[in-house]
1. Does the range A:67-88 contain any residue that is farther than 18 Å from B:TRP35 by Cα, within 11 Å of chain B (Cβ to nearest Cβ) and modelled with pLDDT of 90 or more?
2. When the range B:28-42 is examined, which residues are found to be within 14 Å of another protein chain (Cβ to nearest Cβ) and either farther than 14 Å from B:ALA92 by Cβ or in contact with a helix residue (DSSP H, G or I) (Cβ under 7 Å, 6 or more places away or on another chain) (or both)?
3. Hey, A:SER49 hits all of (1) within 13 Å of chain B (Cβ to nearest Cβ); (2) part of a loop (DSSP other than H, G, I, E, B); (3) more than 28 Å from B:HIS9 (Cβ to Cβ) but one; which does it fall short on?
4. Those residues that are surrounded by 21 or more Cβ atoms within 10 Å (Cβ to Cβ) and either outside any strand (DSSP E or B) or not polar (S, T, N, Q) (or both), I need them from the range A:13-28; list them, please.
5. What are the residues in the range B:59-86 that are within 14 Å of chain A (Cβ to nearest Cβ) and either assigned to a loop (DSSP other than H, G, I, E, B) or surrounded by 18 or more Cβ atoms within 10 Å (Cβ to Cβ) (or both), if any?
Amino acid sequence: NAGVTQTPKFQVLKTGQSMTLQCAQDMNHEYMSWYRQDPGMGLRLIHYSVGAGITDQGEVPNGYNVSRSTTEDFPLRLLSAAPSQTSVYFCASSRGTGGSGNTIYFGEGSWLTVV
Amino acid sequence: AQSVSQHNHHVILSEAASLELGCNYSYGGTVNLFWYVQYPGQHLQLLLKYFSGDPLVKGIKGFEAEFIKSKFSFNLRKPSVQWSDTAEYFCAVILPFSGGYNKLIFGAGTRLAVHP
């Protein structure tokens, strides 16, 4: 049981380049989300999805796109990387949108540096 | 605005000292509460969670937390810390978000350093 799998684990980008962070879960969870973690700021929600074909913006969506064509996959796209997007990115999934009984599972993180 | 506040950004303790990390949230409705731990170079791990029932919740590795609704608090405690507890600790709350969905909101984190 792989849980939540993120790739790549480490990536260095040049300013202006685009890339996609991959996230896959094998638990048939409806709810998936992307967070970025920055020192002193905790984790901030970028985008989330409550099911295939349904996505919405979180707290800090600018510069990122997402899509949810299948239940299993929730890729995060950086369209034109900026140094401000240097961060650690976490994908998460849960059975529901959060609430009683719903445990949230996190991937191992993707360390992204934009130079 | 809905938020989660962790009072201490850095805590330094000696082994065997007692630990209490504060967490307050600003939302008047029903909440689900979590504490996560992140060891150096690793991903987030769930320490404990509160959904309902007994407000004193016991988690892994000897940690516990108490939900006090009147104080909007969910403080994390451990009677005797070990060097291996050195990590960053995040309080998190599930709060309503737009469109009728919920989101998991994190505090800024507390870095705990335990000296032998």
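The values are calculated or read from the model by the stated rules, or taken from the named source; none is laboratory data. Keep in mind that what you see is a predicted model, and the values were worked out from it rather than measured. Every residue, glycine among them, receives a Cβ derived from its backbone with ideal geometry; neighbour counts consider all protein chains shown.
1. So in the range A:67-88, the residues farther than 18 Å from B:TRP35 by Cα come out as A:67-88.
Next, only the ones that are within 11 Å of chain B (Cβ to nearest Cβ) stay: A:88.
Going one step further and asking which of them are modelled with pLDDT of 90 or more, we end up with A:88.
Yes, the range A:67-88 contains at least one residue that is farther than 18 Å from B:TRP35 by Cα, within 11 Å of chain B (Cβ to nearest Cβ) and modelled with pLDDT of 90 or more.
2. Residues of the range B:28-42 that are within 14 Å of another protein chain (Cβ to nearest Cβ), as a first pass: B:29-42.
Hits for the range B:28-42 are B:GLY29, B:THR30, B:TYR39, B:PRO40, B:GLY41, B:GLN42.
3. With (1) within 13 Å of chain B (Cβ to nearest Cβ); (2) part of a loop (DSSP other than H, G, I, E, B); (3) more than 28 Å from B:HIS9 (Cβ to Cβ) applied to A:SER49, the lone miss is (2).
4. A:LEU21, A:CYS23
5. Those that are within 14 Å of chain A (Cβ to nearest Cβ) and either assigned to a loop (DSSP other than H, G, I, E, B) or surrounded by 18 or more Cβ atoms within 10 Å (Cβ to Cβ) (or both): B:GLY59, B:PHE67.
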